[in-house]
Amino acid sequence: MALAAAATAGLALGSVKIPVTDVLEILTGRAEPSPFRTIVLDARLPRVLLGAAVGAGLAVIGTVLQALVRNPLADPFLLGVSSGASAGAVAAIVLGSAFGIGAGLSLTVTIPAASFAGALLSLLLVYTLARSAGGGFATGRLILAGVAVSYILSALTSLILVVADSTDHLQEVLYWTLGGLGSARWDMLALPAGVLIVGTALLLALARPLDLLLVGEEGATVLGLDTARFRAAVFVVASLLTGVLVAYSGAIGFVGLMVPHAARMLVGASHRALLPVVALAGAVFLVAADLAARTVAAPQDIPVGVLTALTGGPFFLWLLRRSRGGEAAV
C-alpha cells in the first residue's frame, strides 16, 4: 500500500503536476495520447521503477552486511563498496570509449561487470583491514577502513579521468559521484530488476545462517556454520547486487544504513521476516526521496544521493553516539 502510494505520487508530482485520475487512466491504458501520457510512461515510470529496485537492493545489502560483520553501522556506502563500484564503472566508461565499445554493450555488460569487480575488491579490502587479531570487528576500525578505502577509490576515479584527458565523461562521472535516477530509461530496468529478484531470493534462502551469525562467531560455528565460507559467498552476492545497482544509479548512500534499523523495529531481527520488509521499505524510501529531490527545488532536479546523505548523515552520527565508545554489535 505504501509503495503504491509513493509510486503514484512519484508519477503525479514534479515540475508538471498531473491529476491522479489521469495517472490511473494512463497506467490502465484508457488514456488517449497526450503530453501527460508521454511524461508518465516515458519519463516518470521508468524512474520510479528504477528507484524502487535500487532502494530495495541497497536496503537488503545493508541488512546482510550488518549481519555479516555484526555491526549496526555497516552500509555499502560507508564501507566503500559503492565507491569501489563507482570506480569500476568510471573505468569501464573511459576504457569502453577508448576501445570503441558500443553504448548498448557498455550498459548491459561492461559497466555492471566492472562495478561488480570494484565492489567485491573494495569489500574484501575493508574486511581484511577491519578484522582484528581475535576475529571480531571494532566499530572504529571498520568505519576508518571504509572511509580510507573510499578515499583511495575516489582518488583512483579522479586519476582515471585525468589520464583519460577528456571532458566527454565528466557529466557521467558527476552522475555516479552524486547518485541520481534522472537518466532512467526502460532499457535500463531489466538487469537491475533481475539481479535484485535473484539476489534477494538467494539471501532469503540463507536467512537461517544469517540468524546464526547474530549469536556470535563461536556460537555460529558450534551450531554447524562454516562462517568463513559463508561470509565469502555472501560477500560475492552483496558485491554483485551493489555493482549492478550502482552501475545504473550511481552511489546513493545511507539507504542501507537507515532502512534496516527501521524495519527491525517492526518485525524484529529474524532475517526470514526482515528481508522482505526491508526490501519493500527500501523501495518506498527511495521512491519518496527521489520525489522530494525532484520537487523541493523544482524545476531544479537535485540528485537523490545528496538528499539521502543529508538525512542519513545525522542518523549515522546518532548511531555512532549510541554505540558507546565504538564497540557495538547487531
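Some values worked out for this structure:
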{"quantity": "Pairs with Cβ under 8 Å, 6+ apart, first in segment 220-241 and surrounded by 14 or more Cβ atoms within 10 Å (Cβ to Cβ), second not in a helix (DSSP H, G or I)", "calculated": "230/206; 234/206; 238/76"}
{"quantity": "Residues (aliphatic (A, V, I, L, M) and either at pLDDT 90 or above or open to solvent by less than 40 Å² (accessible area, probe 1.4 Å) (or both)) located in segment 28-50", "calculated": "31, 39, 40, 41, 45, 48, 49, 50"}
{"quantity": "Residue match in segment 233-248 (condition: among the β-branched types (Val, Ile, Thr) and within 17 Å of residue 72 (Cα to Cα))", "calculated": "no"}
{"quantity": "Those residues of segment 267-289 which are open to solvent by 10 Å² or more (accessible area, probe 1.4 Å), part of a helix (DSSP H, G or I), more than 23 Å from residue 49 (Cβ to Cβ) and in contact (Cβ under 8 Å) with a residue 12 or more places away in the chain, in sequence order", "calculated": "272"}
{"quantity": "Residues of segment 254-266 classified as in contact with a Ser or Thr (Cβ under 6 Å, 6 or more places away or on another chain) and either in a loop (DSSP other than H, G, I, E, B) or open to solvent by 40 Å² or more (accessible area, probe 1.4 Å) (or both), total", "calculated": "1"}
{"quantity": "Lone qualifier among 259, 246, 237, 267 - being modelled with pLDDT of 85 or more and within 25 Å of residue 46 (Cβ to Cβ)", "calculated": "259"}
{"quantity": "Output for segment 233-242, where each listed residue is out of contact with any Pro (no Cβ under 6 Å at 6 or more places or on another chain) and either polar (S, T, N, Q) or under 15 Å from residue 121 (Cβ atoms) (or both)", "calculated": "235, 236, 238, 239, 240"}
{"quantity": "Any hit, segment 58-79, residues being in contact with a Phe, Trp or Tyr (Cβ under 7 Å, 6 or more places away or on another chain) and basic (Lys, Arg)", "calculated": "yes"}
{"quantity": "Lone unmet requirement of (1) closer than 16 Å to residue 253 by Cα; (2) modelled with pLDDT under 80; (3) aromatic (Phe, Trp, Tyr) for residue 99", "calculated": "(1)"}
{"quantity": "Qualifying positions in segment 1-27 - touching a residue at least 40 places away in the same chain (Cβ under 8 Å) and loosely packed, with under 12 Cβ neighbours inside 10 Å", "calculated": "15"}
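The values are calculated or read from the model by the stated rules, or taken from the named source; none is laboratory data. Keep in mind that this is a model prediction, so the values were computed, not measured. Heads up, the Cβs are rebuilt from the backbone with ideal geometry, glycines too, and the neighbour counts pull from every protein chain shown. For accessibility, only protein heavy atoms count, side chains too; no ligands or nucleic acids. Shrake-Rupley method; radii C 1.70, N 1.55, O 1.52, S 1.80 Å.
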